[in-house]
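To start, the structure under review is shown below, and the notes come after it.
The values are calculated or read from the model by the stated rules, or taken from the named source; none is laboratory data. A quick note: this is a predicted structure, and the numbers were derived from the prediction, not measured. Cβ coordinates were reconstructed from backbone atoms using ideal geometry, including for glycine residues, and neighbour counts include every protein chain displayed. Surface areas here come from the heavy atoms of the whole protein model, side chains and all, with no ligands, DNA or RNA. Shrake-Rupley method; radii C 1.70, N 1.55, O 1.52, S 1.80 Å.
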Amino acid sequence: MSSDAPIDAERYPTLTEHGRQMMAFLREHPNAPRFRNESGNRLLSDDVKRVREIEREMLALDASWPRDREPEWLNQFLIRALEGVPHYRNYGSPPRRLADLPTISRAELSRDIAQFVPDAVAADRLINFRTSGTTGHPLLLASHPVVAASYLTFHKRALRRFGVELRAKRGEVGVVLLGLQRKCFTYVSVTPTMDEAGLAKINLHPDDWRDPADRVRYLEALAPEVITGDPISFAELLRLEANVRPRALLSTSMALLPGLRQQLEAQFGCPVLDLYSLNEAGPIAVADPSAGGHVVLQPHMFIEIVDAYGQPVPEGERGEITLTGGFNFCLPLVRYRTGDFASLKFFGPEPVLVQLEGRPPVRFRTTAGDWINNIEITHALRGFAIPQCTVHQAKDGTLRMALNRGPSDVPAIRQALLLLFGAEQRLEIDETAMFDGKVVQYTSELIESA
């Protein structure tokens, strides 16, 4: 480890002896996995107070707007964005209608994220993280410790809708985040706004454990109040049959199919929440069958449904989800096209995304007969300059990859995929001129892939 690597005092500025004991328990438990990484909340005392203030405000506000006009907060938001954000400053004065402004997409953010960070944001507290996403446009996103800690506020808002109020406190484990990948970012932490309740990000892949049976033992020892993951890691959790009784499961990142949701609810006896969440915007909406779709969670997020030309479509008509606002003050969004599609209807006063098309989970089969997560393909391709690509597995197991023409090293890409799938893998790579908008990056004809 380099000499300039952060220490616990920097990662956890408000850490108490109780917090240290919790992290020691999580790290040193006899059944603990091999934690690959270090993380931390980086919250100062004033930050903790600010996060609590944000939570009180956000939980008290309605996440709605009038059907016939834009929300009242939007005009002031646009004035600040067009004055203080380099990219938006090029727009000039705020227009009469939001729809008169141009839309942006992941491609614009990927070119130069600094152009979307407000001038007033102090650079010394910025944090960033990388994401690949469905479109293949890699992103470096600007954030802040207060923003990262505020995700919990909107998770609480979603949980409250299903009658769950979080109670985890000092000496207890509040959240376990699950992954199922050959390479996965794993760490332990504590949550200052919940009296340093424990948090662990773990990988259920057997390679991260001294004994694969330790996965169940460790989960049972932690007894987390909430477990978060994606449909692939939750399917593995079902298979493990761990005797845990969380008060809720939160599924993010990929579309959660109803059949899996029902199985999870039956086995764990708790609500299973399907969150629509983006790295660019945080938790946006939560599925509520009684409302007929995904109910919006953020009081200061306005959602348009737009056509191919960026113009709003009538209520109930299908189009692209486009975001303005958000709680990430380091990355205010103005007409950000997500690449996801739905229609917008109202359930009473609440805006609801109906028939949302998120990112479905896809598994791929290797030549050894093993199943791997589509995220592992993203990891294998991370080092290549691929603007956009798709990977498809045919019924006979053949992989077909399509990618943009460019400086990509196709022989090296082939080698990376063969290393992941096996040397005998049938693999076709086709360089194409361009894709028509956002693509579904990973698909498969194998019945067991979902």
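Taking a ≥ b ≥ c as the square roots of the Cα gyration tensor eigenvalues, with a/c under 1.5 meaning rounded and otherwise prolate when a/b beats b/c, else oblate, which class fits the range 139-262? Rounded, because the longest to shortest axis ratio a/c is under 1.5. Placing dummy labels 7 Å off each Cα toward the beta-carbon, the span from Phe347 to Arg97 is 2.9 nm.
To check you understand DSSP bridge types, tell me what percent of the beta bridges within the range 199-308 (both residues inside) are antiparallel, rounded to 5. Present the calculation step by step, with values, prior to reporting the outcome.
On the way: 8 of 15 bridges.
If I count the DSSP bridges inside the range 199-308, around 55 percent turn out antiparallel.
Modelled spin-label separation between Arg20 and Arg414, with each label point placed 7 Å from Cα along the Cα-to-Cβ direction: 5.6 nm. Measuring between their Cα centroids, the range 377-398 and the range 209-237 lie 28 Å from each other. As a length-normalised measure over Cα pairs under 8 Å and 6 or more apart, the relative contact order of the chain settles at 15 percent.
Give the peptides 90-102, 163-175 in descending order of average Cβ contacts within 10 Å, highest first. Before the final figure, lay out the partial values.
On the way: 90-102: 12.5, 163-175: 16.4.
Listed from highest to lowest mean packing, they are 163-175, 90-102.
For the residue pairs Lys49/Lys169; Lys156/Lys183; Lys201/Lys395; Lys169/Lys201, the alpha carbons lie more than 23 Å apart in Lys156/Lys183; Lys201/Lys395.
Based on Cα contacts under 8 Å between residues 6+ apart, the range 127-283 shows a relative contact order of 19 percent.
Can you work out the accessible area per residue across the chain, with the rest of the protein chains kept in place, probe 1.4 Å, in square angstrom?
Details: 20750 Å² over 450 residues.
Accessible area per residue, the chain: 46 Å².
Applying 1/(1 + (r/R0)^6) with r as the Cβ-Cβ distance of Arg426 and Asn75 and R0 = 56 angstrom yields a FRET efficiency of 0.50. Would you mind telling me which residue in Pro283, Pro192, Pro206 has the biggest mean-square fluctuation in a Gaussian network model of the chain, where springs connect alpha carbons within a distance under 10 angstrom? Residue with maximal mean-square fluctuation among Pro283, Pro192, Pro206: Pro206. Each label was represented as a point 7 Å from its Cα along the Cα-to-Cβ direction; for Leu140 and Gln311 these points are 3.9 nm apart. Note on Arg167 and Ala9: with the Förster distance fixed at 22 Å, the Cβ-Cβ geometry gives a FRET efficiency of about 0.15. Sites listed here are GluC sites (Glu not before Pro) in the range 238-338 whose DSSP assignment is loop and whose Cβ has at most 13 other Cβ atoms within 10 Å: Glu241, Glu315, Glu317.
Quick one: of the DSSP bridges fully inside the chain, what percent are antiparallel, nearest 5? Counting DSSP beta bridges with both partners in the chain, the antiparallel share is about 65 percent.
Rounded to the nearest 20, the Cβ-based charge dipole of the chain about its Cα centre (Lys and Arg +1, Asp and Glu -1) stands at 280 debye. Nonpolar atom fraction for the chain, defined as the carbon and sulfur part of the 1.4 Å probe accessible area, stands at 50 percent. Note on Asp396: accessible area is roughly 90 Å² with a 1.4 Å probe, heavy atoms of protein only.
One decimal place: the segment Val440-Arg130 gains 109.6 nm when fully extended, by the rule 0.36 nm per residue minus the C-alpha distance.
Label the range 176-225 by shape, choosing from rounded, prolate and oblate, from the square roots a ≥ b ≥ c of the eigenvalues of the Cα gyration tensor; if a/c is under 1.5 it is rounded, and otherwise prolate applies when a/b is larger than b/c, oblate when it is not.
Numbers: a/c = 3.00, a/b = 1.65, b/c = 1.82.
Verdict is oblate for the range 176-225.
In a DSSP loop and with at most 14 other Cβ atoms within 10 Å, the chymotrypsin sites (Phe, Trp or Tyr not before Pro) in the range 276-339 are Tyr309. Of Phe329, Gly229, Ser189, whose Cα points farthest to the positive end of the dipole of the chain (charges on the beta-carbon: +1 Lys, Arg; -1 Asp, Glu; origin at the Cα centre)? In the chain, that residue is Ser189.
Across the range 39-159, Cα pairs under 8 Å and at least six residues apart give a relative contact order of 30 percent.
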